[in-house]
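> To start, I am sharing the structure in question, which I have written as structure tokens.
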């Protein structure tokens with residue numbers, strides 16, 4: 001995944017030290033199924049999302065991330081919740097340490113015809129919670145999807 005200029009500038013100053021970064025996550029639901037994306041960097045299944053740039057409104061960041069990764073417009077319906085902690089911490093292969101705090105939003109797609117950013121998203125699929133449990137996925141999304149069903 002490409003590194004934003006903001007994170008790149010911070011890394012120049014602090015090296016691989018731990019960074020806490022804000023993010024947004026899109027949850028697309030169709031009855032009992034959820035849209036998943038298999039990530040280009042890890043090959044694992046997750047939800048669409050990414051970082052919030054300095055001065056960017058979180059909803060605008062979400063719409064931007066969906067457009068970048070799926071090539072479609074989206075509408076934000078409501079906030080599902082905020083997530084962070086150990087489950088959203090990562091050490092990248094280059095040694096950079098990061099923790100994310102993400103706000104998850106229930107969203108709708110404006111079209112079903114997706115154009116994937118193949119550097120970030122290898123493929124997408126709709127899956128039920130039971131099917132997701134069988135996939136190699138980021139565990140933190142389990143709580144997000146459970147909360148989305150409430």
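> Is the range 6-22 home to any residue that is out of contact with any strand residue (DSSP E or B) (no Cβ under 9 Å at 6 or more places or on another chain) and either closer than 21 Å to residue 141 by Cβ or buried (at least 19 other Cβ atoms within 10 Å of the Cβ) (or both)?
No, the range 6-22 contains no residue that is out of contact with any strand residue (DSSP E or B) (no Cβ under 9 Å at 6 or more places or on another chain) and either closer than 21 Å to residue 141 by Cβ or buried (at least 19 other Cβ atoms within 10 Å of the Cβ) (or both).
> Turning to a different aspect of this structure: Of all residues in the range 67-88 being free of Cβ contacts under 8 Å to residues at least 60 places away in the same chain and assigned to a strand (DSSP E or B), which is farthest from residue 112 (Cα to Cα)?
In this case the residue turns out to be 82.
Conditions (1) within 15 Å of residue 24 (Cα to Cα); (2) surrounded by 12 or more Cβ atoms within 10 Å (Cβ to Cβ); (3) at pLDDT 95 or above; (4) touching a strand residue (DSSP E or B) at 6+ places or on another chain (Cβ under 7 Å), marked per residue:
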residue	(1), (2), (3), (4)
77	yes, yes, yes, yes
84	yes, yes, yes, yes
93	no, no, no, no
105	yes, yes, yes, yes
109	no, yes, yes, yes
112	no, no, no, no
117	no, yes, no, no
124	no, yes, yes, yes
127	no, yes, yes, yes
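> For the range 93-130, name all the residues that are without any contact (Cβ under 8 Å) to a residue 12 or more places away in the chain and assigned to a helix (DSSP H, G or I).
Within the range 93-130, just 130 meets the criteria.
> Out of the residues in the range 42-66 that are in a helix (DSSP H, G or I) and free of Cβ contacts under 8 Å to residues at least 24 places away in the same chain, state the one that is nearest to residue 8 (Cα to Cα).
The qualifying residue nearest to residue 8 (Cα to Cα) is 64.
The values are calculated or read from the model by the stated rules, or taken from the named source; none is laboratory data. Fair warning: this is a prediction, and the values are worked out from it, not measured in the lab. Note: ideal-geometry Cβ built from the backbone for every residue, glycine included; neighbour counts use all protein chains shown.
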